Protein chains: 4
Amino acid sequence: MLNAKLATQTHNPSVIRIGESVTVGGEDLLVIGGPCTVESLAQMEQVARHLAPSPVQMLRGGAFKPRTSPYSFQGLGDAGLTILSEVSQRYNLPVVTEVMAVSQIEAIADRADMLQVGSRNMQNFDLLKALGEVNKPVLLKRGLAATLEEFVFAAEYILSSGNPNVVLCERGIRSFDPYTRNVLDLGAVVALKQITHLPVIVDPSHASGKRELVAGLARGAIAAGADGLIVECHPEPEKSVSDARQALSLEAMVALAESLRPIAAAVGRRLPEAIPAEVAIAA
Amino acid sequence: MLNAKLATQTHNPSVIRIGESVTVGGEDLLVIGGPCTVESLAQMEQVARHLAPSPVQMLRGGAFKPRTSPYSFQGLGDAGLTILSEVSQRYNLPVVTEVMAVSQIEAIADRADMLQVGSRNMQNFDLLKALGEVNKPVLLKRGLAATLEEFVFAAEYILSSGNPNVVLCERGIRSFDPYTRNVLDLGAVVALKQITHLPVIVDPSHASGKRELVAGLARGAIAAGADGLIVECHPEPEKSVSDARQALSLEAMVALAESLRPIAAAVGRRLPEAIPAEVAIAA
Amino acid sequence: MLNAKLATQTHNPSVIRIGESVTVGGEDLLVIGGPCTVESLAQMEQVARHLAPSPVQMLRGGAFKPRTSPYSFQGLGDAGLTILSEVSQRYNLPVVTEVMAVSQIEAIADRADMLQVGSRNMQNFDLLKALGEVNKPVLLKRGLAATLEEFVFAAEYILSSGNPNVVLCERGIRSFDPYTRNVLDLGAVVALKQITHLPVIVDPSHASGKRELVAGLARGAIAAGADGLIVECHPEPEKSVSDARQALSLEAMVALAESLRPIAAAVGRRLPEAIPAEVAIAA
Amino acid sequence: MLNAKLATQTHNPSVIRIGESVTVGGEDLLVIGGPCTVESLAQMEQVARHLAPSPVQMLRGGAFKPRTSPYSFQGLGDAGLTILSEVSQRYNLPVVTEVMAVSQIEAIADRADMLQVGSRNMQNFDLLKALGEVNKPVLLKRGLAATLEEFVFAAEYILSSGNPNVVLCERGIRSFDPYTRNVLDLGAVVALKQITHLPVIVDPSHASGKRELVAGLARGAIAAGADGLIVECHPEPEKSVSDARQALSLEAMVALAESLRPIAAAVGRRLPEAIPAEVAIAA
C-alpha cells in the first residue's frame, strides 16, 4: 500500500474547512454531536440550543437512513434536510448528514456542510466517484470489515475524482463478542494518521453501541491522536427512534466534550472555548 | 428474524427461471462458469465453446468491475456487455454480470439474463430498490461481514420493491486466517435453505481464493444442499487480469462439474446431461 | 508453512488405528457419536445400544469437561471414565474423551481408546508434549481462532514428541454472526488434507450449535473429503446437561449416518455396513 | 454475565500489591517494560539499568516461551528465571514472567513477583485453578478470541480457587486486517473496569505488532481508564530473538512512559516520579 503513488499519501497533514468557521486536521479538535436520526424540528432545536454554547462545534443527524430492514423507518428524507439546514443556520453549527445515493447528492450538498458516506457504502464506487465532483467535504466511514488498504483506496476514489476534502472516520469493526456492538480499532486511527495526510475522527457511539462506554473510548481516541469525534446524543436517549442504546443525553454530551480539554492539551491539541449561551443563541 | 412477516420467508421453495432454458431452485442444479473479467471476444468465445457441451449451463464474466483501487483496470464496460451478449446467443448460454450502479441497470438488463449484486453492494439499498423494478432475476452476493439477518433483509429490499426473482449467493466471509482469501460459511447455506424460499448458490472461487481448494468446496456445497455453483475459470488461468490465483482451467472446470453428478444424485438432485459438442455449438 | 521440514507433511496419507477394530484416514469413513457429557451409566448404555448396530463405530462423551464458568458442572471425572470404559467394552465401541491436564493423561489413556484435546487447549504446549509420549491416538481439535499454520504446528508438537497418531478435527471458528455458534471452515478441511498426511474429521455439532444444521454440514464435510465426523447425540437432547441445543436424537444420529452412504460412494469412500442389532449387542 | 454472583464483580476497585513497592489498580499507574524473551544476563542488565531511573516500575521478560512451532527457540527456562531474579533484586524492579504449565509454578513463584498466563492458556483451567493456590499475583492475558464473559470467568477460576490478586490484560484480539498483528479492543478495557473490580492493563505491543503504533495505543489506553501498560522494549530491537518488529528501543520506552504523565493527570491518575539514576542503581 505504501509503495503506491497515492493522492492520500503526501506528507503534510491536511486541514479541512467545513462550513465557514470549523476546521479539522489542525491543532483544533472537532467534536460533532447529534442524534442518529432527525426526528422533528423541535428535537433538532433542542439539541442545537444545548450544544451551541459548548465545545461541540458541529451537528450530525440522519435524514436518509440506511436501515437493515426495508420495513424500518427510513428517515424524514427531504424534510429532514430542511430541518437540519434551518437549525444549522439559526445556531451557526455546520451539519453533516449521510448520502446514500448519487441521486441525493445535489439536495444534500445544497443544505449540509459535509456529506457522510456510511459504512455500508464505503465501497459503493459509483457514489464515491460522484462525491469526487462535489464542492463540499466528505466524511468517509470505514466499512464494517474493511482493511486499512481498502479504506485508504476508498478515499482515493474520491480524491482521484477531484475532491481533496475527505475526513476518515473509524467507527468500529465487526467482531465476535456480543458484549459490544463493534470493536473500536484504535490502532487504525494511529496508523491512518501515519500513512495518510487526511484528518481522522472516531465514532465511539457505533464502535461500542453502549452509552456507558462512549466517554472512555472518546478520551482514548483523542489521546491516541484522533482529530475529532462524532458522537450520538439525544434529548431523551431512550426515546430515540434508532440506536437508543448508544445515545448520550445532551448533558452527558457536553460533559464528555469538556472532559476532553485536558487530554487535548496533554497531546498538544486544543478544544474550542465554550461560548456564553446568549452569544451562541444570538448567532 | 423468523418472527417477522417477510417476503423471503413463505414456505414453498422458489424455482427461478433464467433466460429461456435454465432454472435454479428445483431438482436441477445450476452450474455457472466463466472468467472474473471479460477480457476479449476471443477469450469469451473460447470459454463458451468449451463449456457449452458440458453440464455448465450459464456464463459469468465481469464488464463493470468493482476494484479496491481506482487505478486498477475497471473492466471493459459497455464493450464487455456486447461481448457477453454475442457469445451468450451464439452458444445458447445465459449470462450473469455485475451491476454496480443504478445508472448501469438498463444497459445490463438489456443484454444479460441475470444481474449480479456484488458483496460490496449488498447493502447499497438504492441499488437494491432499483433492482426491485427490473424484470430480470438478481444474483445477490452476501457481504463480506454480513449476518444472515442482514443478508435476508437485503433480499427483502428487492422483493418488497417488486422483483421476486432473487438468488442468494454465499461467497465466503472475512476471517482471520491468511491461508484462504475468505471462509466459506457452509452453515449459512444450510440455514438459508431453511429460513427462506430462495435458491442459494455457492461461489467456491472467492470463498477460497485458491484453485486447489475449489473442487472440494464445490462438492461440499452441493452435498450440503446448495442449488448451484458459480465458479471462476479461464482459458489461461495464470494470465487472468484479475483473481488469477483462484481461476480453474476450462478442463478443470468441466471435470469439476462432471464430478458433481454422483453427489447430486446422493442428495436427490440432478445435473443436466452433457450435450454432444456439435449440437452445443450449432445452437 | 509448506517449506518447512515438518513431521505432519510427508506425502502418504496416514491410516490410524483406534482400538482394535476401527481405522481413520483410509477408504473407510469414521463416524463418532455420543453425548457432550457422560451423565450416567444408564444414559451411555442407551446411547451405545442404539448406535452399536448402526454405521456409527465409536463413542464420544466428556468425563472432564472444560466449562467457561468454574461454577458450571465440571463432569463426572473418574466415575465418567469408568462408565465410558464399561460401555465401550460391552458394545465393542471404542471411545474418545477429552483430556484437560497432564495429570489426567494416565487415567484417561488407561480407559479410553483415543484422547481428545479440546479447542481451548490446542496451544497448551505442555499438554501436547506430554501426549507425544502416550501410546494412544490423539484427536486434536482446532482452536476457535487458530490459523491453519498454528493448527498444524500444534499437531507437530505431538508428533515431534513421539506420537505419530494424531487426527485433526475442524470444529468451527469464531465469527461475527450470532445465528450460528461458530462457522465451519470447510476450506480448512480441504486444505489440511492437501498439506498434511493426517486424517481430518469434522464436528458439525459445535460448528453450528443448532441441531437442524448438523446433517447438512455433515454431508458437506464428507463430500469435501473429510475422513469422518464427530457428532453430538443424546437420548433426550433437550435434557442434555450441556449443549442441549445442538445434540441430535439417537434416531436422527443413525439416520444421518445412513444418509452419508451414497455421498461416501460418490467420493470414493465407504461407510461400514450396519450390523444386525442382535450381533452388535452380543459383541 | 452481570446477574451472576461472581467473585470478580464486587464493587470496590481492587488495589493489588506486586513485590514490595509497586501497586496496580489505585491512583498510581503501573508501567511494565522489558524484552519479549530473556536472552542473557547482559541484556537484562542493560534493560534494567536504563529503566530503573524512569517511571517504568517493573520488568517483563520470558523464560519459558510459548512458541507456535516446536522447532522455535523455547526460552532459556530455569536459567532465564535466575537472570530475572538477579536483575530484579539488583535494580529493585519487580518482575513478571509467563507460566505455561502447572509443573513450572513453584520455580516461577519462587523467583518472580507476578506470574503471567499467556493468551493461549487463558482457558487452561487446570493451570488457572493451580494459580488460585499461589501466594503471588497473576497477570491474566485475554485469549485471542475470548469474549469478555469468557475472560471474566477465566479470572473467576483463579479467584474462586483462593487467589484474589488477578490483573487483567487486554492485548489485542484476532481480526481480519493483516496491517496490524491484532486489534486492540479498547472498549473491553472500559467495560472491564465497569463490570469487575480487578485492575486492567493494556499490552500495546502485541495488540499492534508494530513499534510505530505502540505509543499512540499506550496513550489511548491510559486516557480510556487503563490501570497500566506492559510494553516490549529491547536494547537492540531489530536483534530481538522474537517479536523484533514490535519492540521499542530503551530510549523510546522511557520517552513513552514520560509522555503519559500529562494524560494520567488529565484523567486523575499519577505516574511515579523518575528516580535520579545514581539512586536507582544504588538500590
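The values are calculated or read from the model by the stated rules, or taken from the named source; none is laboratory data. None of the values given here were measured: they were computed from a predicted structure. All Cβ positions, even for glycine, are placed from backbone atoms using ideal geometry, and neighbour counts span all protein chains on display.
Can you work out which of the residues in the stretch D:258-274 that are part of a loop (DSSP other than H, G, I, E, B) and closer than 15 Å to D:Ala218 by Cα is nearest to the chain's Cα centre (by Cα)?
Restricting to residues being part of a loop (DSSP other than H, G, I, E, B) and closer than 15 Å to D:Ala218 by Cα, the top hit is D:Leu271.
Taking the stated definitions as given, is D:Ala48 in contact with a Leu (Cβ under 7 Å, 6 or more places away or on another chain) and of a type in the set (A, V, I, L, M)?
Yes; evaluated as a whole, the condition is true for this residue.
Among (1) touching a residue at least 24 places away in the same chain (Cβ under 8 Å); (2) on the phi < 0 side of the Ramachandran plot, there is one condition C:Gly225 misses while meeting the rest; what is its number?
So C:Gly225 meets the others, but not (2).
Please specify each residue of the stretch A:144-163 satisfying the condition of being hydroxyl-bearing (Ser, Thr, Tyr) and at the interface with another protein chain (Cβ under 7 Å from one of its Cβ atoms).
Selection gives A:Thr147, A:Tyr157, A:Ser160.
Check off (1) surrounded by fewer than 24 Cβ atoms within 10 Å (Cβ to Cβ); (2) in contact with a strand residue (DSSP E or B) (Cβ under 8 Å, 6 or more places away or on another chain); (3) within 9 Å of chain B (Cβ to nearest Cβ) for A:Lys136 and give me the number that stays unchecked.
All conditions pass for A:Lys136, except number (3).
Report, ordered by the first and then the second residue, all pairs with beta carbons closer than 6 Å, sequence separation of six or more or different chains, a first member in the stretch B:14-34 that is touching a residue at least 40 places away in the same chain (Cβ under 8 Å), and a second member that is surrounded by fewer than 19 Cβ atoms within 10 Å (Cβ to Cβ) and assigned to a strand (DSSP E or B).
Hits for this filter: B:Val15/B:Thr23; B:Arg17/B:Thr23; B:Glu27/B:Arg270; B:Asp28/B:Arg270.
Return the residue satisfying two criteria in turn: it lies in the stretch C:270-279 and is touching a residue at least 24 places away in the same chain (Cβ under 8 Å) and charged (D, E, K, R), and of such residues it is surrounded by the fewest Cβ atoms within 10 Å (Cβ to Cβ).
C:Glu273
Just one of the numbered conditions (1) within 30 Å of A:Glu86 (Cβ to Cβ); (2) in contact with a Leu (Cβ under 8 Å, 6 or more places away or on another chain); (3) part of a helix (DSSP H, G or I); (4) not polar (S, T, N, Q) is not true of A:Leu127; which one?
Every listed condition holds for A:Leu127 apart from (2).
Can you say whether B:Leu168 is assigned to a loop (DSSP other than H, G, I, E, B), crowded, with 22+ Cβ neighbours inside 10 Å, hydrophobic (A, V, I, L, M, F, W, C) and free of Cβ contacts under 8 Å to residues at least 40 places away in the same chain, as far as the supplied structure shows?
In short, no.
All but one of (1) of a type in the set (A, V, I, L, M); (2) facing another protein chain (nearest Cβ under 10 Å); (3) crowded, with 24+ Cβ neighbours inside 10 Å hold for D:Val267; which doesn't?
Looking at each condition in turn, D:Val267 falls short on (3).
Identify, from the list D:Leu127, D:Leu93, the residue that is surrounded by 20 or more Cβ atoms within 10 Å (Cβ to Cβ) and more than 30 Å from C:Ala146 (Cβ to Cβ).
Within the list D:Leu127, D:Leu93, the selection yields D:Leu93.
Out of all the residues in the stretch B:65-87, which are within 16 Å of the chain's Cα centre (by Cα) and more than 9 Å from chain A (Cβ to nearest Cβ)?
Answer for the stretch B:65-87, where residues must be within 16 Å of the chain's Cα centre (by Cα) and more than 9 Å from chain A (Cβ to nearest Cβ): B:Lys65, B:Leu84.
With respect to D:Glu278, determine if the residue is touching a helix residue (DSSP H, G or I) at 6+ places or on another chain (Cβ under 7 Å), modelled with pLDDT under 95 and in a helix (DSSP H, G or I).
No: the conditions fail for D:Glu278.
Counting just the residues of the stretch C:173-184 that are within 7 Å of another protein chain (Cβ to nearest Cβ) and assigned to a loop (DSSP other than H, G, I, E, B), which one comes out farthest from D:Leu144 (Cα to Cα)?
Out of the qualifying residues, it is C:Tyr179.
In this structure, is A:Leu6 in contact with an Asp or Glu (Cβ under 8 Å, 6 or more places away or on another chain), farther than 20 Å from A:Glu106 by Cα and crowded, with 17+ Cβ neighbours inside 10 Å?
Judged against the criteria, A:Leu6 is a match.
Since C:Leu248 meets every condition but one in (1) over 14 Å from C:His50 (Cα atoms); (2) surrounded by 20 or more Cβ atoms within 10 Å (Cβ to Cβ), which condition does it not meet?
Condition (1) is where C:Leu248 drops out.
Considering the stretch D:89-112 alone, what residues qualify as being in a loop (DSSP other than H, G, I, E, B), under 15 Å from D:Val38 (Cβ atoms) and either within 8 Å of another protein chain (Cβ to nearest Cβ) or out of contact with any helix residue (DSSP H, G or I) (no Cβ under 7 Å at 6 or more places or on another chain) (or both)?
Of everything in the stretch D:89-112, just one residue is in a loop (DSSP other than H, G, I, E, B), under 15 Å from D:Val38 (Cβ atoms) and either within 8 Å of another protein chain (Cβ to nearest Cβ) or out of contact with any helix residue (DSSP H, G or I) (no Cβ under 7 Å at 6 or more places or on another chain) (or both), namely D:Met100.
Need pairs with beta-carbon distance below 9 Å; first residue free of Cβ contacts under 8 Å to residues at least 40 places away in the same chain and under 16 Å from D:Leu256 (Cβ atoms) and within the stretch D:49-61, second in a strand (DSSP E or B) and of a type outside the set (Ser, Thr, Tyr); sequence gap 6+ or separate chains.
Cβ pairs passing all conditions: D:Leu59/D:Ile32; D:Leu59/D:Gly33; D:Leu59/D:Gly34; D:Leu59/D:Val95; D:Leu59/D:Val96.
All but one of (1) within 14 Å of another protein chain (Cβ to nearest Cβ); (2) not in a helix (DSSP H, G or I) hold for D:Ser242; state the number of the condition that does not hold.
Only one criterion is unmet by D:Ser242, namely (1).
Looking at the stretch B:185-211 only, could you name the residues that are farther than 22 Å from B:Val254 by Cβ, facing chain C (nearest Cβ under 7 Å) and of a type in the set (A, V, I, L, M)?
Answer for the stretch B:185-211, where residues must be farther than 22 Å from B:Val254 by Cβ, facing chain C (nearest Cβ under 7 Å) and of a type in the set (A, V, I, L, M): B:Leu186, B:Val190, B:Ala191.
Against the conditions (1) within 27 Å of B:Arg49 (Cβ to Cβ); (2) hydroxyl-bearing (Ser, Thr, Tyr); (3) buried (at least 20 other Cβ atoms within 10 Å of the Cβ), where does B:Ser259 fall short? Just the number, please.
The single condition B:Ser259 does not satisfy is (3).
Could you check the stretch D:212-239 and list, in sequence order, the residues that are out of contact with any strand residue (DSSP E or B) (no Cβ under 6 Å at 6 or more places or on another chain), more than 12 Å from every other protein chain (Cβ to nearest Cβ) and outside any helix (DSSP H, G or I)?
Hits for the stretch D:212-239 are D:Glu232, D:His234, D:Pro235, D:Glu236.
Would you mind finding the one in A:Val56, A:Val117 that is touching a strand residue (DSSP E or B) at 6+ places or on another chain (Cβ under 8 Å), surrounded by 18 or more Cβ atoms within 10 Å (Cβ to Cβ), under 21 Å from A:Val202 (Cα atoms) and within 14 Å of chain B (Cβ to nearest Cβ)?
Just one listed residue meets the conditions, A:Val117.
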